[in-house]
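Here the structure is laid out as structure tokens; the discussion comes afterwards.
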Amino acid sequence: MEELLCIGCGAKIQSENKEAAGYTPRSSVEKATESDSDLYCQRCFRLRHYNDIVDVHISDDEFLTLLHEVGDSQALVVNVVDIFDLNGSVIPGLSRFVSGNDVLLVGNKKDILPKSVKDSKVTQWLRERAHEEGLRPVDVLLTSAQNHYAIKELIERIEELRAGRDVYVVGVTNVGKSTLINAVISEITGDKNVITTSRFPGTTLDKIEIPLDDGSYIFDTPGIIHRHQMAHYLSAKDLKYVSPKKEIKPKTYQLNPEQTLFLGGLARFDFIKGDKQGFTAYFDNNLDLRRTKLAGADDFYDKHQGDLLVPPHAKDLAEFPALVRHEFTVTDKIDIVYSGLGWIRVKASSSQPVKVAAWAPDGVGVVIRKALI
Ligand code: GDP
């Protein structure tokens, strides 16, 4: 069969892998071939008709090539991260690849954090984490792509900072980059179909160009799935289920030592040693937290993962990694963060230390940070 290419992005048309470049449902391929009309891949089709950007997953190698391209350009780099999963949002080595270019750091999904958290505290925390990664962002902004919060400010700031240069938007999968870019487009165009006309064959398949008035472009680069993200291990349905869509409501659990909290079947928290006290859990309201005795917790998990302890559901258990235990002796007010899932606040002091263990699927990060709230 003759090789078909998308006339929008030049990708090879295929109907096997929805997540890869060039995906087009078989029926659309047949229709276009029969009527001898132009063929767009699903991504370009949706872009043309709905101004809707769909993410394509690419391999780490392709991603690195793209990052090199960013380093070789004179551009403003907009790095979008998920405030709720900062650990899972980090692009390893980004600081090396951006070389001399300015970076604007955008913390998205602000709507999820409890309103009591001050913006300044969050931006400061993002800045510190960026510094730890060797990034020196010229500015840090907080947005909610979903609620169109601070989109105007973002556009204004990009205009100021880019000073006539192109803009590269980078971020790992699931941080909300597509939603954010769609929000930016609809803010700029008032929902008019402007990108459609400016997509020509020959544009590389791995990025989307959004033209700006002065002949520069915003380049939307595809995201990679980060191995430390919960997203890597969950079905799309379960991921949706445990990803917060709105402000999370903290829940405090009074625990005795030697008690365990299961976070669905996804993770676990053991209170090993210390005085009876409250632990505050920040997870999506859907996630079922269940208390058991520490002594019987292993057996309870083996017996009930997939029925009482869900997600993951029984049919997905084979794919789900074993939980790995991380032990901490806490002497401060800290958050234990389960990457991509949420966190538990532990209040301790040097005179009243607390010993806990956090269990997460093998590969998913568990980190400790100064309490955010
Ligand atoms: P991408 O992979 O980075 O392009 O991310 P998407 O734009 O596809 O978004 C990933 C998930 O996060 C989707 O379920 C979105 O609905 C959700 N999302 C995106 N932006 C926001 C936001 O500002 N707040 C919240 N609560 N969810 C968001």
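Values in this text are rule-based calculations from the coordinates and carry no lab data. Bear in mind the structure is a predicted one, so any value in this text is a computation, not a measurement. Quick reminder, even Gly has a Cβ in these numbers, built from the backbone with ideal geometry, and neighbours come from all protein chains shown.
Data table
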{"quantity": "Cα-Cα over 21 Å, subset of LYS245/LYS276; LYS246/LYS370; LYS110/LYS152; LYS115/LYS249", "calculated": "LYS245/LYS276; LYS246/LYS370"}
{"quantity": "Contour excess over end-to-end distance, with Cα ends at SER235 and GLU160 and 0.36 nm allotted per residue", "calculated": "23.0 nm"}
{"quantity": "Cα convex hull of the stretch 204-314, projected area averaged across orientations, nm²", "calculated": "10.8 nm²"}
{"quantity": "Potential lengthening between THR189 and ILE373 on full extension [0.36 nm per residue; Cα-Cα distance subtracted]", "calculated": "62.5 nm"}
{"quantity": "For q = 0.09 Å⁻¹, Debye-computed log10 I/I(0) when each Cα of the chain counts as one equal scatterer", "calculated": "-0.58"}
{"quantity": "Most mobile listed residue (VAL346, VAL80, VAL29) in the chain, GNM with C-alpha springs under 10 Å", "calculated": "VAL29"}
{"quantity": "Gained length - ALA20 relative to HIS326, 0.36 nm times residue gap less alpha-carbon distance", "calculated": "106.6 nm"}
{"quantity": "Taking the chain and dividing mean pair separation by its residue count, relative contact order in percent (alpha carbons under 8 Å, at least six apart)", "calculated": "15 percent"}
{"quantity": "Unit charges at the beta carbon, dipole of the chain: most positive-side option, PHE97, GLY365, PHE300", "calculated": "PHE300"}
{"quantity": "Nearest-ten-degree value, helix 60-72 long axis tilted from longest Cα axis of the chain", "calculated": "70 degrees"}
{"quantity": "Those trypsin sites (Lys or Arg not before Pro) in the stretch 269-339 that DSSP places in a loop and that have at most 16 other beta carbons within 10 Å", "calculated": "LYS276"}
{"quantity": "Gaussian network model of the chain, springs between alpha carbon atoms under 10 Å - residue of HIS232, HIS313, HIS304 with greatest fluctuation", "calculated": "HIS304"}
